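Worksheet for the structure shown next.
The values are calculated or read from the model by the stated rules, or taken from the named source; none is laboratory data. Because the structure is predicted, anything quoted here is derived from the model rather than measured. Here the Cβ is made from the backbone with ideal geometry for all residues, glycine too, and neighbour counts use every protein chain on show. The protein model used for the area step is the full one, side chains on, heavy atoms only, and it has no ligands, DNA or RNA in it. Shrake-Rupley method; radii C 1.70, N 1.55, O 1.52, S 1.80 Å.
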Amino acid sequence: MMGRQEAPAQLFYEFDLERHVPANHMLREIDLFLDCGGLREALRPFYSHLGRPSIDPELIIRMLVIGYVMGIRSERRLCDEVHLNLAYRWFCRLGLERKVPDHSTFSRYRHGKFRASNLLRQAFDATVERCLKEDLVSGEGFAVDASLISADANKVRSIAAEDWSPERAREVGNRAAREYLETLDDAAFGAASPVQPKFVAKSDPAAQWTRAEESRPYFAYATNYLIDTKSAVIMDVEATRAIRQAEVGASRTMLDRTEKRFGIRPDWLAADTAYGNAENLGWLVEKRGIIPFIPVIDKSERTDGTWSRSDFEWDEANDQYICPEGHALKQFRRNYSDPNRGQDAGGRKKYRALKATCQACPSKEVCCPKAEARYVTREPHEEARECRKTKAYKVSRDKRKKVEMLFAHLKRILGLTRLRLRGPNGAKDEFLLAAIAQNLRKLAKLRPQNGLREVTA
């Protein structure tokens, strides 16, 4: 006999929201690690003691966390999902009867109290502190990298860079244009490079016109991650222009901020070739005492069959190179009062052999067949390049891939392939919230406590 589903009419219902949320739901685990107590204290100076009670800021934070953890990109859709989903209502402490805030509430809090109090940065730091407490951070080795995220700007509505000026930005007058004017002297944006992009978006002037990986050019921002390689915990995040100079500067900012905020300085740092310029290597080695496991483009290798620089042995004690025939190549043959003598503008040193020695050498044809004497150059901070020959360097290259996996997770799982918010502050807010979501998901995955809580009960 075919059954029929009927909805019985009842006057009273007994409903326990706690029982209807699965024990293994991700939000249950995340709820254990999300602490909003300190956030209330940070916001307290921005509220008046008079007037009607406002919407609970903790509710706004919890809803934003749901949106980024679950990959819900639209705030209108987020409000609908929280209204309908029992697990979301449980996580937001809404029960069954309380009303979900309107989507416009997010904008008012974002542009008001949250930015004035730097609340999202404090929320991110709180997740890092919890990762430290749960022993997910070793502090031994860090990795840094950047990834491009499309900005909410259209090429059709952009103008040529030569037609753009600060005066034009003031005429446009939108929030993104005002933020652009505020960041003209910021090392992460306007002051990162004197080179101007080909096009400028009137709706978001700070977004960089770029062409990455031979794709079609587009407007983008760069999200920069500094991670601990033990469990791929994001230690810091920074938003910058989508250019190499800004990304390298962001790595220094994040290292300094991590040391100041958490008292952690890594023993080594892994990065790709973009971070391997001489200035950055010198900053890491001399000013921070960090071993740079960073590949550097080496142009000293020869392909014509003659000896390369790697065939010469470096004698650090005597500041000279020794050729395969046992002859010395020195920078100076006598003492000079100027220590910078013999260096070019980039700090590169040149070591030369004696002309008479090379002319009488039997290996001249495989050393310097077209020159009267052989010389080799030594790059500044060459000792940092020697790290590439160690076993630890090879291990760091594998661990560096963890930051690339985080970017893949950011785009494919969390769905952050295009920004919704405009301007530098909008990019910072989105990148911070995404990093908070990824750290919370990491805690829920590596430190699950459902079973322990059920056994205790």
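Looking at (1) at pLDDT below 85; (2) surrounded by fewer than 18 Cβ atoms within 10 Å (Cβ to Cβ); (3) touching a Lys or Arg at 6+ places or on another chain (Cβ under 6 Å), which is the one condition that is false for E259?
Of (1) at pLDDT below 85; (2) surrounded by fewer than 18 Cβ atoms within 10 Å (Cβ to Cβ); (3) touching a Lys or Arg at 6+ places or on another chain (Cβ under 6 Å), only one is false for E259: (1).
Any chance you could count how many residues in segment 268-310 are open to solvent by 60 Å² or more (accessible area, probe 1.4 Å) and assigned to a strand (DSSP E or B)?
Looking only at that region, the number is 1.
For segment 66-95, which positions are among the charged types (D, E, K, R) and in a helix (DSSP H, G or I)?
The answer is E75, R76, R77, D80, E81, R89.
Answer yes or no as to whether E167 is modelled with pLDDT under 90, among the acidic types (D, E) and more than 19 Å from A239 (Cα to Cα).
For E167, the condition - modelled with pLDDT under 90, among the acidic types (D, E) and more than 19 Å from A239 (Cα to Cα) - is met.
Restrict the check to segment 435-448 and report whether at least one residue is in contact (Cβ under 8 Å) with a residue 40 or more places away in the chain, touching a helix residue (DSSP H, G or I) at 6+ places or on another chain (Cβ under 8 Å) and over 23 Å from E29 (Cα atoms).
Among the residues of segment 435-448, not one is in contact (Cβ under 8 Å) with a residue 40 or more places away in the chain, touching a helix residue (DSSP H, G or I) at 6+ places or on another chain (Cβ under 8 Å) and over 23 Å from E29 (Cα atoms), which makes the answer no.
Check whether at least one residue in segment 132-146 is farther than 21 Å from G263 by Cα, of a type outside the set (K, R) and buried (at least 19 other Cβ atoms within 10 Å of the Cβ), and report yes or no.
Taking every residue of segment 132-146 in turn, at least one turns out to be farther than 21 Å from G263 by Cα, of a type outside the set (K, R) and buried (at least 19 other Cβ atoms within 10 Å of the Cβ).
Does segment 175-189 include one or more residues that are more than 13 Å from R241 (Cβ to Cβ) and aromatic (F, W, Y)?
No.
Just checking, which of A206, A177 is open to solvent by less than 70 Å² (accessible area, probe 1.4 Å), of a type outside the set (S, T, Y) and in contact with a Phe, Trp or Tyr (Cβ under 7 Å, 6 or more places away or on another chain)?
A206
So, in segment 1-37, how many residues would count as being within 37 Å of the chain's Cα centre (by Cα), at pLDDT 80 or above and in a helix (DSSP H, G or I)?
Residues that pass the stated criteria total 8.
Here's a check for you: in segment 214-247, which residue that is in a helix (DSSP H, G or I) and open to solvent by 10 Å² or more (accessible area, probe 1.4 Å) is nearest to L443 (Cα to Cα)?
E247
Which one of these is in contact with a Gly (Cβ under 9 Å, 6 or more places away or on another chain), of a type in the set (D, E) and touching a residue at least 60 places away in the same chain (Cβ under 8 Å): D152, D145?
Testing whether each residue is in contact with a Gly (Cβ under 9 Å, 6 or more places away or on another chain), of a type in the set (D, E) and touching a residue at least 60 places away in the same chain (Cβ under 8 Å) leaves just D152.
Which of the residues that make up segment 184-196 are surrounded by fewer than 20 Cβ atoms within 10 Å (Cβ to Cβ) and in contact with a Phe, Trp or Tyr (Cβ under 9 Å, 6 or more places away or on another chain)?
Passing the criteria: only Q196.
Of the residues that make up segment 107-119, is at least one closer than 22 Å to L414 by Cα, out of contact with any Pro (no Cβ under 9 Å at 6 or more places or on another chain) and either open to solvent by less than 40 Å² (accessible area, probe 1.4 Å) or of a type in the set (A, V, I, L, M) (or both)?
Yes - at least one qualifying residue is present in segment 107-119.
Could you list all residues from segment 388-411 that are modelled with pLDDT of 95 or more and more than 15 Å from the chain's Cα centre (by Cα)?
none
Conditions (1) in contact with a Pro (Cβ under 6 Å, 6 or more places away or on another chain); (2) surrounded by fewer than 16 Cβ atoms within 10 Å (Cβ to Cβ); (3) of a type in the set (S, T, N, Q); (4) farther than 22 Å from I413 by Cα, marked per residue:
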position: L43; (1), (2), (3), (4): yes, no, no, yes
position: V65; (1), (2), (3), (4): no, no, no, no
position: L78; (1), (2), (3), (4): no, no, no, no
position: H103; (1), (2), (3), (4): no, yes, no, yes
